[in-house]
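*Asks:* Sending over a structure as C-alpha cells; questions will come in a sec.
The values are calculated or read from the model by the stated rules, or taken from the named source; none is laboratory data. Small disclaimer: the values here were computed from a predicted structure and weren't measured. Every residue, glycine among them, receives a Cβ derived from its backbone with ideal geometry; neighbour counts consider all protein chains shown. Areas reflect the complete protein model, heavy atoms only, side chains present, ligands, DNA and RNA absent. Shrake-Rupley method; radii C 1.70, N 1.55, O 1.52, S 1.80 Å.
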Amino acid sequence: MIPDKAPKEDVFLGSEDLKKEAHVPSFDKYKELYIHSVENPGEFWGDVAKDFFWRNKHTGQFLDYNFDVTKGEIFIKCMEGATTNICYNLLDRNVHEKKLADKIAFLWEGNEPGDELTVTYRELLQRVCQFANVLKSQGVKKGDRVSIYMPMVVELVVAMLACARIGAVHSVVFAGFSAESLCERIIDSQCSLLITADGFYRGDKLINLKLLSDEALQKCKDKGFPVKKCIMLKHLSKEPEEIVGSRSPPAKRSCPDLEQKKQTGKAKKTRPVPQGVLHTVSGYMLYTAITFKLVFDYQPDDIYWCTADIGWITGHSYITYGPMALGATSVLFEGLPTYPDVSRMWEIVDKYHVTKFYTAPTAIRLLMKFGNEPVQKYKRKSLKILGTVGEPINPEAWQWYYNVVGEKRCPVVDTFWQTETGGHVLTPLPAATPMKPGSATFPFFGVVPAILNESGEELEGPSEGYLVFKQPWPGMMRTVYGNHQRFETTYFKKFPGYYVTGDGCRRDKDGYYWITGRIDDMLNVSGHLLSTAEVESALVEHKAVAEAAVVSRPHPVKGESLYCFVTLNDGVSYNQTLEAELKKQVREKIGAIATPDYIQNAPGLPKTRSGKIMRRVLRKVACNEKDLGDISTLADSSVVEQLFQNRCCTAV
Ligand code: WT7
C-alpha cells in the first residue's frame, strides 16, 4: 500500500526549511498518521473535530457506511446527530475565541492593478450578520435555496456565509456562465432569490451581469418558474452598501442541522457526473479545513492565494471554507492572469508576499508559453509552497512550475480530487512526501485507494486500471440531491463495494499513484488502452508546442485512432517537418501504438471558462460532425468554426 520508506531516487525532496515547522514533517510521520487514520477513523477524525464548535456532539459511531450495492442501499453517515453552524465556525469562533478579529481575511485585488481592498474577520462577521438580516427580511428561511451569480468580490463571500448562517442553501453560479445556464441552475435547485451584481470587467471585457441576470430571470418566468426577489450589488458603480442593507442589527445565530444541504458543482455535460453533488456541513467543514491545513502546511503568518473562481468547487473548498476555518489570510483576485500582461500573477505574489500559491495546470501551461522573463521580472521570494489541481499536470509543466516559478525551493503539491470528494484525496504533503513530477503521490488521511481491472479485481503492486476508493472520509459526497438512485448508479454500480472515481490510474514500483485522465478520455487503439493525457503530455514536451488535446476518431481497422490538436508557442509556424517531429516524439515517448494519426494546428482550443478543454467538441471536429449540442459553457465559440475550417482530411 504505502511503502515503508520513501524512495530516494528520481524524486524531488521538499525544502529543509519547511520541515522545521511543518505539521507533518517526515514521510515516517505521514505513514504513522495514515495508518492510524484508516485503522481508527473515529479517533482520528474525532481529534480533528475537537478544534471546532459543536452545538450538539454526534451520537453513536463517527463514520458508518455501505459501499456495496448488492448488500443494500448505499449510505455514508458521518457524525450523525451533531449540529453546528459553519458560518459560526468560520467567523464568530475566529473573532471571539481565537482572537483573530483584526486579522485580514481577504486581500482583495481587482481586475485593474491598484484596485484593492482589505477586510478583517471582524468586518466580515459584521457584514455577514447584516446581510443575513437582509436575506431574512426578504423571506429567506432555513432550507431555501439562494442563487449567487457574482464576480470574485468580497460580497460574494459575504453572500455565501450569510446563507450558511441562516441555514439557506447557496448555489453559486460561476459568473462566466450564460443567462441560459443561470436560468437552468435556478430552476434545477428551485431558488427563491438571486444575488448578483451590475457587472464587472474580466481583462478589458465588460461582463454585464445585470443584463444577463435580467435575461435569465425572464427565461425562468417563461418556463413557469418566476423568481420574485433579486438583490444586486453595485460593483461597477462602487456603492456596495446598497446590498448589505446595512444598519440593521446583527442576525441571531442559528444552528442548522448537520444534514443541511450544500449543493455544489453543476455537472459539466462532458462528464458522466450528475448535478446536485450533495455535501454535509460537518464532514465538509472538517475535511476542507484539515486538508487545507496539512496540504498547504498552513501557518498563521501565511498569505495564501488560490486562483480558482469561487463558482467552482475549488473556490468553495479552498477559498471560502477551508482557509477561513483556519483563520487564514487569502488573496481574492478578480482579474485574469494575462491582464494587463502575463506577469500579473507574479506581480500580485510580490505585492502581497504570497507564501502558498494554488493554481491549475492550464494556467501554468498558458504562462509557460510566454517564457521565463515575465516570471523573472518579479522576485517571488515569499513563495514557499506551490499547488496544482484540475487535471493531470504534464511533467514538463510541473518542472517549469517547480524550477522557474518556485526556483527549486518550493514543493509542488499536485492535489487530485473531485467535486464529489469535497477536498484533496491523493496529494503530497509538502514536507513529508518526496515528489515525482506528474504524480499526485499518495492518499490523504482516511482515504483508501485501490486500482481495479476491467473485471473489478484489485490489482497489487505496479499496475494500471480504474481508480476507486474503498471507504469514505468526512468530505465525501452523500448523495445526488433528490436522486439517490443516480448516486448509486454513477459511482457504485460498476464495481460493488467501491466508490468509482471515473479516472484511470497507474501505480508505479514505489507505490506512487499517477492519474492517467478520465476513463472516458481513454481510447482503445488496436486493443491497447491509451490515455489521451499521456499522448498530450508527450506532444507538449516538444519545444514548439504550448498545448495539446487528443481525442479519438473511429478507425475501421484499429478501432480508434488518435486525432491530435496542437497549439504552438508564439512565433512558431506549423509545417510538415514539425508534424514529422511530433509524430516521432510521441512514438518515442509512448510507443508506436500511440503514433498520432492526425495532427491539426489549432491556434485556439475550445475551453470552458474555467479552462478545461471540451474534448466532446474536439471529437466532433475530428469526425466532422457539425451537431455540437449545447456549447453554452464555451469561453469563446468562434474557436470552433476555426477548428472546422482547419480540419485534417487525410491521416498524416
Ligand atoms: C476531475 C474532477 C477537484 C477540483 C477541480 C476539478 C481531474 C482534478 C487532478 C489532479 C489529475 C485531476 C480528474 C477528476 N483532476 N485534479 N491533480 N491530477 N487529474 O473538479 O470538476 O469535479 O473534476 O478533475 O479527472 O476526476 P471536478
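*Asks:* Which lysines have a Cα less than 17 Å from the Cα of LYS589, not counting those fewer than 8 places away in the same chain?
*Replies:* LYS543
*Asks:* Which percent of Cα pairs goes in each bin when the distances of the chain are cut into 10 angstrom slices starting at zero?
*Replies:* For the chain, the binned pair fractions read 3, 16, 27, 28, 19, 6, 1, 0 percent.
*Asks:* Now a separate question. Would you mind classifying segment 541-619 by shape? Square roots of the alpha carbon gyration tensor eigenvalues, ordered a ≥ b ≥ c; an a/c under 1.5 is rounded, otherwise it is prolate if a/b is larger than b/c and oblate if not.
*Replies:* Cα axes put segment 541-619 in the oblate bin.
*Asks:* OK, next. Around TYR65, which amide H atoms from residues at least 5 apart in sequence, or from another chain, sit under 5 Å from its own amide H, with H modelled in the peptide plane?
*Replies:* LYS77
*Asks:* Collect residues whose amide H, placed 1.01 Å from N in the peptide plane, falls under 5 Å from the amide H of THR120; neighbours closer than 5 in sequence don't count.
*Replies:* ALA105
*Asks:* Note down the nm distance, to one decimal, between modelled labels 7 Å out along Cα→Cβ at LEU13 and at GLN376.
*Replies:* Once both label points are built, they end up 2.7 nm from each other.
*Asks:* Check which residues have an amide H placed less than 5 Å from ARG202's amide H, if you skip close sequence neighbours.
*Replies:* Amide H neighbours of ARG202: ILE207.
*Asks:* Between GLU180 and ASP630, 0.36 nm times their residue separation minus their Cα-Cα distance comes to what? Before the final figure, lay out the partial values.
*Replies:* Values: separation 450, 0.36 × 450 = 162.00 nm, distance 1.06 nm.
Net length gain for the segment: 160.9 nm.
*Asks:* Please calculate how many Å² of accessible area the chain carries per residue, with a 1.4 Å probe and no DNA, RNA or ligand atoms counted. Could the numbers behind the result be given before it?
*Replies:* Numbers: 25030 Å² over 652 residues.
Averaged over the residues of the chain, the accessible area is 38 Å².
*Asks:* Per 0.36 nm of contour for each residue apart, how much would the distance between ASN483 and ASP570 grow if the chain were fully extended, relative to their Cα-Cα spacing?
*Replies:* 26.5 nm
*Asks:* Set the bar at 22 Å for Cα to Cα. Now go through LYS142/LYS229; LYS229/LYS607; LYS219/LYS612; LYS31/LYS57 and name every pair that lies beyond it. Walk me through the numbers before you get to the answer.
*Replies:* Values: LYS142/LYS229 16 Å; LYS229/LYS607 33 Å; LYS219/LYS612 27 Å; LYS31/LYS57 29 Å.
Beyond 22 Å between Cα atoms: LYS229/LYS607; LYS219/LYS612; LYS31/LYS57.
*Asks:* Given the pairs LYS20/LYS379; LYS356/LYS408; LYS509/LYS558; LYS293/LYS408, which are separated by over 19 angstrom at their Cα positions?
*Replies:* Violating the 19 Å limit, Cα to Cα: LYS20/LYS379; LYS509/LYS558; LYS293/LYS408.
*Asks:* Using the basic label-point model (7 angstrom from Cα toward the beta carbon), what is the GLU641 to ILE590 distance in nanometres?
*Replies:* 3.2 nm
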